[in-house]
Amino acid sequence: MSDRKKPPVVGRFAPTPSARLHLGNLMCALLAWLSAKSRGGEILLRVEDLDAARCPYMGENTKYMLDDLAWLGLEFDGEVLYQSKRSDIYRSYFEQLEERGLIYPCYCSRAELHATTAPHLSDNTPIYDRRCLLRAERGEMPPEGRRPAWRVKVPDGEISVFDGLQGEYRENLLRDCSDFVVRRADGVFAYQLAVVVDDALSGVTEVVRGNDLLFSTPRQIYLQKTLGLATPNYYHIPLLTDAAGRRLSKRDGDGCMESVRAKYKNAAPVLGALAAALGLLPKPEAVTLPDLLSLFAWEKLPRDAIKLPEGF
Ligand SMILES: [Zn+2]
């Protein structure tokens with residue numbers, strides 16, 4: 001690493017292969033790629049397959065994903081990272097939190113959590129009432145025969161995200177989220193921990209991803225600060241919709257790469273449609289990735305909804 005010139009930007013695309021990619025994922029990959037490459041940076045690919053045991057199709061979906069990205073012409077720097085192979089790394093950071101007394105076991109079932117805690121303001125995660133922490137402080141024994149999840153204690157204070165597209169987003173972690181899970185009861189390390197560790201160890205300086213993840217960013221910034229890891233720049237992208245502003249329906253296969261590739265012989269018109277949706281082209285026309293590199297600028301992007309062109 002030391003003898004290599006440090007790139008000005010290191011971006012990443014980090015999909016979860018729980019299904020075949022759809023146009024919304026591809027838009028995200030394209031933006032992350034354009035943002036890094038238009039400034040002479042690098043772009044990494046990470047497969048977020050932590051749930052491989054629970055989702056048996058992840059291996060197959062990953063093959064399709066790599067093929068779909070190649071079809072679009074997106075090339076990535078360095079080796080592809082697989083989260084499923086990195087448990088030992090996550091464990092070492094988990095143990096740091098443990099040694100510092102920042103985590104505690106939570107024996108609550110999903111049903112218990114949803115029955116008695118308030119929903120998270122933004123993303124439907126229940127706001128935890130710390131009952132397992134309070135029980136332990138009272139010296140009560142944990143229930144027998146149940147494996148705990150592990151939660152990290154959060155402070156009563158605001159955390160701000162400065163997002164390149166969405167502006168400032170603030171959350172009081174204790175009030176708006178409360179202590180969150182860093183390791184699940186089945187032993188799998190939680191997304192929040194894995195993503196923070198991976199981005200930092202890969203030297204990622206810029207995170208481009210869907211707007212639905214804006215609400216978990218304060219949790220990730222808290223983990224970064226606590227573990228002494230750098231905070232990247234963030235761009236959270238609005239949802240991709242059809243021309244009428246309707247969410248692309250997974251059930252109807254709208255925007256699924258299988259149907260997109262059945263309809264279009266090559267990627268040029270697909271890139272053109274995405275570029276028009278992103279405000280990089282006045283109307284959809286066949287384009288190449290090098291064309292888009294010179295057209296790309298974050299300032300051109302719509303801030304609310306990104307709509308595919310009529311008839312696409
Ligand atoms: Zn609990």
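Readers should treat all values here as calculations from the given coordinates under stated rules, not as data from a laboratory. The model shown is predicted, which means the values in this text are computed figures rather than measured ones. Don't worry about glycine lacking a Cβ; one is built from the backbone with ideal geometry, like all the others, and counts go over all protein chains shown.
In table form, for the structure just shown:
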| quantity | calculated |
| --- | --- |
| Total charge dipole magnitude, region 139-218, about the Cα centre, Cβ charges on Lys, Arg, Asp, Glu only, Debye to nearest 20 | 340 debye |
| Where labels lie 7 Å past Cα in the beta-carbon direction, separation of L66 and S160 in nm | 4.3 nm |
| Dipole axis of the chain (+1 Lys, Arg; -1 Asp, Glu on Cβ), positive-most option in I306, L193, S38 | L193 |
| Candidates A136, A194, A268: whichever shows maximal mean-square fluctuation once the chain is modelled as a Gaussian network with Cα springs under 10 Å | A136 |
| Signed unit charges on C-beta, dipole axis of the chain, positive-most listed residue P143, N25, L223 | P143 |
| About the Cα centre, charge dipole magnitude for region 98-189 (Lys/Arg +1, Asp/Glu -1 at Cβ), debye | 400 debye |
| DSSP beta bridges in the chain [antiparallel fraction, %, rounded to 5] | 55 percent |
| Charge dipole of the chain about the Cα centre (unit charges at C-beta), most positive-ward option of A297, S87, L239 | S87 |
| Cα convex hull volume per residue for the chain (Å³) | 149 Å³ |
| Angle between the chain longest axis and helix 217-227 axis [Cα atoms, degrees, rounded to 10] | 60 degrees |
| Candidate lysines - alpha carbon under 27 Å from K37, same-chain residues fewer than 8 apart omitted | K5, K6, K63, K265, K283, K300, K307 |
| Pairwise centroid distance, computed over Cα atoms, of region 89-117 with region 57-87, Å | 30 Å |
| Point-charge dipole on Cβ atoms (K/R +1, D/E -1) for the chain, about Cα centre, debye to 20 | 180 debye |
| Isolated Cys residues of the chain, judged by Cβ distance under 4.7 Å to other cysteines | C28, C55, C108, C177, C256 |
| Value in Å of the Kirkwood radius, where region 98-189 supplies the Cα pairs that are averaged | 14.4 Å |
| Nearest-ten-degree value, helix 23-37 long axis tilted from longest Cα axis of the chain | 80 degrees |
| Estimated [θ] at 222 nm from DSSP helical runs (n ≥ 4, -39500 (n - 2.57)) normalised by residues in the chain, nearest 500 | -10000 deg cm²/dmol |
| Evaluated at q = 0.10, 0.11, 0.14 Å⁻¹: base-10 log I(q)/I(0), Debye formula over Cα of region 154-312 | -0.49, -0.59, -0.87 |
